[in-house]
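Here is the structure we will look at.
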Amino acid sequence: MTATNAGFDTPESHPKDLLRFITAGSVDDGKSTLIGRLLHDAKALMDDHIDALARTAARRGLKELDLSHVTDGLQGEREQGITIDVAYRSFETARRRFIIADTPGHEQYTRNMVTGATNADVAVVLVDACKYWLPQSRRHACIADTVGIRQLIVAVNKMDLIGYCEAAFAHIRDEFLDFARHLRFTRVTFIPISALKGDMVVERGGSLPWYVGPTLLQALEQADIPDAAGGAHGAPFRFPVQWVSRPGAPGRAARRGYMGRVASGGVAVGDEVMVLPSGRRTHIEEIDTHDGGLARTQAPQSVTLYLEDDVDVARGDMIVAPPTPPAVTKAFAATVCWLGAEPMSLRRRRYLIKHGTKTVSALFSRPSYRLDIATLERDTGAATLVMNDIGRVNVQVQDPLPWDTYTANRATGSFIVIDALTHDTVGAGLIEGSADAPEALAS
């Protein structure tokens, strides 16, 4: 992990491409205001949107626009002044296109932060310069690391409230580097900002002459986008079957078609494929879409596949490339972020695992460790996981499940945990590999 705050290049030195990033941090650190400032100063807001913000400010007797409402769309958010849902916005500059996920800071809505983080290339974690590092900010940094984000921008916000003090900024930077020395970030950039005043967000402003690094927008424009080999296009072909089109259905061919979205990789007509968990092999006879046939498809297209042979394929099965198949087992080890109000039950409560398009019953072992977010130490004495805990467990499922590790394939290496009684989502899991100790699984 390296810390950077200088050495950015020019927009003309790279082609325009797409970067997905999240904003995270504790409640009232200013995430929504930051996104509003970024969109406003980057000229990414429509005139009618700005006019609406101006009218709202006038009704409330405010002298300036309240930019936090650019992304806070839910009525509950406006009333409480916090972000509840994940708000997505897109914009572009001369150099790059962006998709922003503004994630909630309140502990109660940590599950929404996990949702936003799983598809992000970069995490922007805000720190209130007046409060320093709070537990939720540390938790969000840990979650970003856990879900595989390797580039982190630490935006030290509200610098205007501490007189743009360089010593305070340096203290926050050094405290985080000490905390994060065991995390797997490859690049950490620290930026002092004032989302309210606009300093170092898009424009540099005149209040931080001692800071010589990039603005937030420049840091986002220079961030690395994962190579195709590490993303959905470069990974092996994976096609979770979402629906089986029966012969003779209206508008369908007189043979079975298998509908779904290509999770990763690609396949062409004539390619050999394998159906899991059965292991049967066949070839692709035809690839169909709403707009017509294709010779080849790749992630993330939604298609119907027709196979040369009459193979038994059901919803939840996975069609894959035979040279690089996933593992197919009934047990595996996973890192789980527990999101339920009730602690994870090892015996008394029934859970479902939703992995791709397949849902199966599951049991959990006692955690092999729980991550202490204050120290990043592994607590091996934890009896279970409670809300917002992150820990490693063994998972046993009722039926064989095709899976990849999360580091190898995000699409087929992740799952959610559902309470079978309430149907609430109570956990999110990342598959690490084969089960650590099968004999420790709950029975």
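The numbers here are math on the coordinates, done by the rules we state, and not lab data. Here the structure is a predicted model, which is why all the values come from computation and not from measurement. All Cβ positions, even for glycine, are placed from backbone atoms using ideal geometry, and neighbour counts span all protein chains on display.
Can you classify the stretch 327-435 as rounded, prolate or oblate using the Cα gyration tensor, where a ≥ b ≥ c are the square roots of its eigenvalues, rounded means a/c under 1.5, and otherwise it's prolate if a/b beats b/c and oblate if not?
oblate
Taking amide H atoms as placed 1.01 Å from N in the peptide plane, list the residues 5 or more away in sequence, or in a different chain, whose amide H sits under 5 Å from that of Val426.
Result for Val426 returns Val417, Ile418, Asp419.
What is the total of Lys pairs in the chain with C-alpha atoms under 17 Å apart, excluding same-chain pairs fewer than 8 positions apart?
9
Mind sorting Cys142, Cys165 by how few other Cβ atoms lie within 10 Å of their own Cβ, fewest first?
Cys165, Cys142
As an exercise, identify the trypsin sites (Lys or Arg not before Pro) in the stretch 276-366 lying in DSSP coil whose Cβ has no more than 13 other Cβ atoms within 10 Å.
Within the stretch 276-366, the qualifying trypsin sites (Lys or Arg not before Pro) (loop, at most 13 other Cβ atoms within 10 Å) are Arg347, Arg348, Arg350.
Using a ≥ b ≥ c from the Cα gyration tensor of the stretch 11-65 (square roots of the eigenvalues), is it rounded, prolate or oblate, where a/c under 1.5 gives rounded and otherwise the larger of a/b and b/c decides, a/b for prolate?
Oblate.
Could you bin all the Cα-Cα distances of the stretch 385-441 into 10 Å bins starting at 0 and give me the percent of pairs in each, rounded to whole numbers?
20, 51, 29, 0
In angstroms, what radius of gyration and Dmax does the stretch 238-320 have, counting Cα atoms only?
Over the stretch 238-320's Cα set, Rg and Dmax evaluate to 11.3, 31 Å.
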